[in-house]
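Working notes, beginning with the structure itself.
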Amino acid sequence: MTEQLVSTNPANDEVVATFPIHTAEQVQAIVARAREASKWWRDQGYAGRKDALLAWKRHMAEHSADLVDLMHRENGKPLTDARLELMLALEHITWNAKHAGKYLRPEKRKPGFLLSNFSARLEHVPFGVVGVIGPWNYPVFTPMGSIATALAAGNTVVFKPSEYTPAIAEWYVDAFAAANPDAPEGVLSLVTGFGETGAALCRAGVDKLAFTGSGPTGRKVMAACAESLIPVVMELGGKDAAIVAHDADLAKAAEAIAFGALGNSGQTCVGIERVYVERVVRDEFLAELTKRVKEIRPGSDDKSSYGPMTMPSQIAIVRRHVEDALAGGGTAVVGGIESVGDRYISPVVILDPPHSSSAIQEETFGPTLTVTTVESLDEAVKLANDTPFGLAGAVFSKKHAEEISEGLDTSQVSVNSVLGFAGMATLPLGGKGESGFGRIHGPEGLREFTRPRAIATQRYAPPMNLLTFARKPWVVRLLPRMIKWLHAR
Ligand code: NDP
C-alpha cells in the first residue's frame with residue numbers, strides 16, 4: 001500500500017483523516033492545472049473575483065460549525081479560539097475581495113520633462129500561479145493571509161498545508177469549489193504530504209512562493225526557489241517582547257500580556273515571549289501577572305484556556321528553554337519544569353533568566369514567558385532589540401508609548417495591547433532579520449502578489465526626439481546645454 005499522511009487529534013491521537021503524499025510529478029501536474037485555470041481567473045476581473053471570494057466566505061460562514069469542530073479536533077485549539085481565528089480569516093477574505101480593485105488599479109505616472117510626449121502608467125500584474133506553504137498554528141488565518149490575497153490579486157493558488165493540519169486545509173479548499181461551481185478546477189488547489197511535497201511545490205513551476213514557518217525551513221525553501229529565481233515571501237518566527245513602563249496601567253498590561261503569551265498554547269508567531277519591566281513597578285506587575293496566569297489552564301474541555309501542543313516535537317524545545325532559563329539563574333514564579341507535560345504544557349513564567357539563555361534568544365512557541373527587570377526604558381528597548389528576530393513588539397505606557405515604539409526594531413508594534421495589528425486587514429504583516437521579509441495583508445500584501453509593469457506610450461512625435469539614431473544635429477548640440485540648465489543650477 002502506498003504511504004499516506006495520517007492526521008491525528010493532538011489531544012488523544014485519534015485519526016482525523018488520511019491524505020495522499022503527493023509526489024513531485026503529481027505536484028507538477030496540479031501546478032500545470034492551476035496555470036490552465038489562471039487565464040479564466042484573470043479574465044474574471046476584480047468584480048468577478050470579488051463575487052467568487054465573497055461566495056466562498058459566505059459558504060465558510062454558513063458551514064462554520066463544521067470547520068470550527070475540525071479546527072478543534074485537528075489543531076487542538078478550543079472552540080472559541082477556532083471561532084475567533086475563523087472570524088479574522090473571513091474578515092481578511094472580505095477585505096481583499098473588496099479592495100483588490102482599488103489598490104491594484106493601474107496608476108498614471110508623470111513621464112518627466114525629457115519624455116513629455118509620452119503618457120506613463122503602472123499596472124499591477126498577477127504573477128500567475130502562487131504556491132503557498134502554510135503552518136499548523138493558525139491553520140485557517142495564517143495561510144489565508146497569502147491565499148486570499150494572492151487570489152484577489154488575480155493569481156491561482158496551490159496550497160501545501162502543514163502535515164499537522166491537512167484536513168482543515170482540505171475543508172476550505174473544497175469550500176471554494178462548492179461556492180463556485182462554475183469555476184474550472186485549479187483556481188485553488190491542495191497538495192498534501194511532508195517537507196518533500198513542499199520542496200516539490202517550490203520546483204513545480206510556480207511563479208511566486210509564500211512560506212510561513214521556521215527560519216531553517218524558510219532557508220531550504222529559498223534555496224529551492226533560487227534554482228529558478230522564483231520570488232518568495234518569508235513569514236518566519238518571532239521572539240516578541242512587551243515593554244512595561246513605570247507609568248503603565250499594570251493590571252491591564254498583565255491581562256493583555258497573559259493572553260498574548262499563553263493564548264493558542266503560545267504557538268503564535270507574534271505571541272509575547274519576553275517582558276521587560278521597569279524595576280520600580282516590577283513587583284506590582286508580577287503580582288498582577290501571576291494572579292491572572294495562575295487561573296489559566298490548558299485542556300480540551302470548553303472551560304480550558306488553550307489546548308494541547310499541536311506539534312509534539314515542540315514540547316522538547318519548550319522543556320529545553322525552561323531548563324536552560326532555570327539553570328542559568330532564572331526563578332520560576334509560575335509553574336516550572338514539571339509544567340511541561342507530554343501533551344499539554346501549563347503556563348510557566350520565569351523571572352530574570354540570563355539574556356543569553358535560549359528562552360530569551362530562540363523562538364519557544366509554547367505557553368511560557370520570561371520577565372526581565374530593567375533599570376530604564378532605554379535598557380528595555382536595548383534588550384528587546386537584542387535577538388536575531390524582528391517581527392513585532394508591544395509597549396505598555398501612558399506617556400512614553402511613542403518614544404518606546406520608535407526604538408523597537410520590529411515591523412509591527414502594539415500599544416497598550418497585543419496582537420491587534422494582525423487582525424486588521426488594512427495593515428501589512430511581515431518581518432525583518434530571522435522573522436523574514438515580504439508582506440501579507442493590506443495594500444502592501446496585495447501588491448506583494450503582483451509584479452509592477454511599466455507602460456510608456458508615445459502620444460506624438462516630438463521635434464526633439466532623443467530615442468532615435470536619426471537625431472537632428474541641433475538636438476545633439478543642445479544636450480550639453482540642457483544638462484547644465486536642468487541639473488547644474
Ligand atoms: P516548518 O518551518 O518546518 O514547516 C512549515 C511548513 O513548511 C510546513 O507546511 C512543512 O511541511 C513545510 N516544509 C517542511 N520542510 C520543507 C521543505 N524542505 N521544503 C518546503 N516545505 C517544507 O515548521 P514546523 O511546522 O516544523 O515548526 C517548526 C518551528 O517553526 C516551530 O517550532 C516554530 O518555532 C516555527 N513556526 C513558525 C510559524 C510562524 O507563524 N511564523 C508557524 C509554525 C511554526 P510539513 O509540516 O509537512 O513538514
Wholly inside segment 160-251, strands (runs of 3 or more DSSP E) that include 2 or more residues that are more than 18 Å from the chain's Cα centre (by Cα) and within 16 Å of the ligand (Cβ to nearest atom) are 188-190
Is segment 292-300 home to any residue that is surrounded by 20 or more Cβ atoms within 10 Å (Cβ to Cβ), within 16 Å of the ligand (Cβ to nearest atom), more than 15 Å from residue 81 (Cβ to Cβ) and not hydroxyl-bearing (Ser, Thr, Tyr)?
-> no
Expected single match for in a helix (DSSP H, G or I) and at pLDDT below 95 among 479, 467 is 479
Picking from 6, 16, 31, the residue that is touching a strand residue (DSSP E or B) at 6+ places or on another chain (Cβ under 6 Å), open to solvent by 40 Å² or more (accessible area, probe 1.4 Å) and at pLDDT 95 or above would be 6
Residue 373 vs (1) within 16 Å of the ligand (Cβ to nearest atom); (2) among the hydroxyl-bearing types (Ser, Thr, Tyr); (3) touching a strand residue (DSSP E or B) at 6+ places or on another chain (Cβ under 8 Å): all pass except (1)
Of the candidates 270, 277, 318, 322, the one satisfying the condition of being part of a loop (DSSP other than H, G, I, E, B) and among the β-branched types (Val, Ile, Thr) is 270
Scanning segment 344-370 residue by residue, those within 16 Å of the ligand (Cβ to nearest atom) and either part of a loop (DSSP other than H, G, I, E, B) or surrounded by fewer than 17 Cβ atoms within 10 Å (Cβ to Cβ) (or both) turn out to be 362, 363, 364, 365, 366, 367
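Out of the residues in segment 130-154 meeting the condition of being in a loop (DSSP other than H, G, I, E, B) and within 11 Å of residue 446 (Cβ to Cβ), tell me which one is nearest to the ligand (Cβ to nearest atom).
My answer is 153.
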Could you please let me know if residue 428 is free of Cβ contacts under 8 Å to residues at least 60 places away in the same chain and either crowded, with 16+ Cβ neighbours inside 10 Å or out of contact with any helix residue (DSSP H, G or I) (no Cβ under 6 Å at 6 or more places or on another chain) (or both)? yes
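Among the residues of segment 70-118 satisfying the criterion of being among the polar types (S, T, N, Q) and open to solvent by 50 Å² or more (accessible area, probe 1.4 Å), which is farthest from residue 136 (Cα to Cα)?
Among residues in segment 70-118 that are among the polar types (S, T, N, Q) and open to solvent by 50 Å² or more (accessible area, probe 1.4 Å), the one farthest from residue 136 (Cα to Cα) is 116.
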- Evaluate the following for residue 67: is it in contact (Cβ under 8 Å) with a residue 12 or more places away in the chain, part of a helix (DSSP H, G or I) and farther than 21 Å from residue 424 by Cβ? yes
If you check residue 401 against the conditions, is it open to solvent by less than 70 Å² (accessible area, probe 1.4 Å) and touching a Phe, Trp or Tyr at 6+ places or on another chain (Cβ under 9 Å)? no
Is one or more of the residues making up segment 131-149 over 20 Å from residue 91 (Cα atoms) and open to solvent by 30 Å² or more (accessible area, probe 1.4 Å)? no
Conditions (1) among the aromatic types (Phe, Trp, Tyr); (2) within 19 Å of residue 198 (Cα to Cα); (3) in contact with a Phe, Trp or Tyr (Cβ under 9 Å, 6 or more places away or on another chain) -> residue 127 fails only (2)
In the set 409, 386, 378, the lone residue that is modelled with pLDDT of 95 or more, open to solvent by 10 Å² or more (accessible area, probe 1.4 Å) and within 20 Å of residue 285 (Cα to Cα) is 378
Exception for residue 258 within (1) open to solvent by less than 10 Å² (accessible area, probe 1.4 Å); (2) within 16 Å of the ligand (Cβ to nearest atom); (3) touching a Pro at 6+ places or on another chain (Cβ under 9 Å); (4) assigned to a helix (DSSP H, G or I) falls at (2)
Checked against (1) more than 19 Å from residue 314 (Cβ to Cβ); (2) touching a Cys at 6+ places or on another chain (Cβ under 8 Å), residue 207 satisfies every condition except (2)
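The values are calculated or read from the model by the stated rules, or taken from the named source; none is laboratory data. Keep in mind that what you see is a predicted model, and the values were worked out from it rather than measured. Cβ: placed from backbone, ideal geometry, glycine included. Neighbour counts: every protein chain shown. Quick note on the areas: whole protein, heavy atoms, side chains included, nothing else; ligands and nucleic acids left out. Shrake-Rupley method; radii C 1.70, N 1.55, O 1.52, S 1.80 Å.
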